[in-house]
Amino acid sequence: MNALEQAYASADVNKIPLQTIELLHPTFVDLASDEDTIRYVSSQNITRPVLCRLEDNAPVDGGKVVQFNPAPIAIKRPEKSNKGYADLSITIGVTSLEIERALDAVSEHSDPLRCYYRVYILNPETGEVDGPQNQPFEWTLYGSTTKRGELSATASLADIVNRPFPYFLYTPSFAPGLVRT
């Protein structure tokens, strides 16, 4: 059972699971030229920005309460398998000019676009947000397309199974002692 299914199963009837997406890239900067992110919450159950506390080890604003803006997002979580990789399908409907410009800047840069998926629980009676309910992993976004104002992308975890061990590739430039003279 994944985090969202657990949230649905264990949450009170009057509590709403909130799916959130956070996009990070070195080209995303705020007015003070500090690293910034694009954060969205699924607008299926919410129509205004939501304030959520990030985990302490979050890459940007760790431990702080941050704003997630509502957007029509659909997330298809990966299925359990032994393939060694998992893909997260993300669709953001009605993309704004902000995200289109951000993706244009990303396409001209070699660093990957990172993505974090989190699930929070909202109590509509008190407005209190609890979470994240899952362990946010770093995903790498690739293969994004924009069609009729809708962004579709696939995010993938690192392929640990097919990664060489040891991680370093021992070449003469890395280890000069390998060269016989």
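The values are calculated or read from the model by the stated rules, or taken from the named source; none is laboratory data. Computed from a predicted model, the values in this text were never measured in an experiment. Methodologically, a virtual Cβ is constructed for each residue, glycine included, from the backbone with ideal geometry; neighbour enumeration extends over all protein chains shown. Heavy atoms of the whole protein, side chains included, go into the accessibility calculation; ligands, DNA and RNA do not. Shrake-Rupley method; radii C 1.70, N 1.55, O 1.52, S 1.80 Å.
Percent relative contact order of the stretch 53-137, based on C-alpha pairs within less than 8 angstrom and at least six residues apart? Please report the intermediate quantities before stating the final value.
On the way: 79 pairs, mean separation 16.8, N = 85.
Taking the mean separation of contacting Cα pairs over the length of the stretch 53-137, I get 20 percent.
For the ranges 109-117, 122-130, what's the packing order if you count other beta-carbon atoms within 10 Å of each residue, average per peptide, and put the highest first? Mind dumping the intermediate values first?
Numbers: 109-117: 16.8, 122-130: 13.1.
Going from most to least packed, we get 109-117, 122-130.
The stretch 59-149: Rg/Rh from Cα coordinates, Kirkwood Rh?
Values: Rg = 15.3 Å, Rh = 15.7 Å.
Ratio value, two decimals: 0.98.
Using all C-alpha to C-alpha distances in the stretch 12-83, build P(r) with 5 Å bins and read off the rounded percent in each one.
3, 14, 19, 21, 20, 13, 7, 3, 1
Tell me the accessible surface of F137 in square angstrom (1.4 angstrom probe, heavy atoms of protein chains only), to the nearest ten.
Around 110 Å² of this residue is reachable by solvent.
Which sequence of T171, T145, T181 reflects their accessible areas, 1.4 Å probe, from the largest down?
Values: T171 45, T145 80, T181 175 Å².
Listed by decreasing accessible area, they come as T181, T145, T171.
Note down the magnitude of the dipole of the stretch 56-159 about its Cα centre, charges +1 on Lys and Arg C-beta and -1 on Asp and Glu C-beta and zero elsewhere, to the nearest 20 debye.
That gives a dipole near 360 debye.
Quick one: Karplus J couplings for the stretch 74-79, per residue in order, coefficients 6.51, -1.76, 1.60, θ = phi - 60°, nearest Hz, x for Gly and Pro?
10, 10, 10, 6, x, 7
Please name whichever of Y116, L88, A105 sits farthest to the positive end of the charge dipole of the stretch 76-149, dipole taken about the Cα centre and charges placed at Cβ: Lys and Arg +1, Asp and Glu -1.
Value computed over the given set: L88.
I need the phi-derived Karplus couplings for the stretch 21-27: 6.51 cos²θ - 1.76 cosθ + 1.60, θ = phi - 60°, integer Hz, Gly and Pro marked x.
With coefficients 6.51, -1.76 and 1.60, one gets 10, 10, 10, 10, 7, x, 7 Hz.
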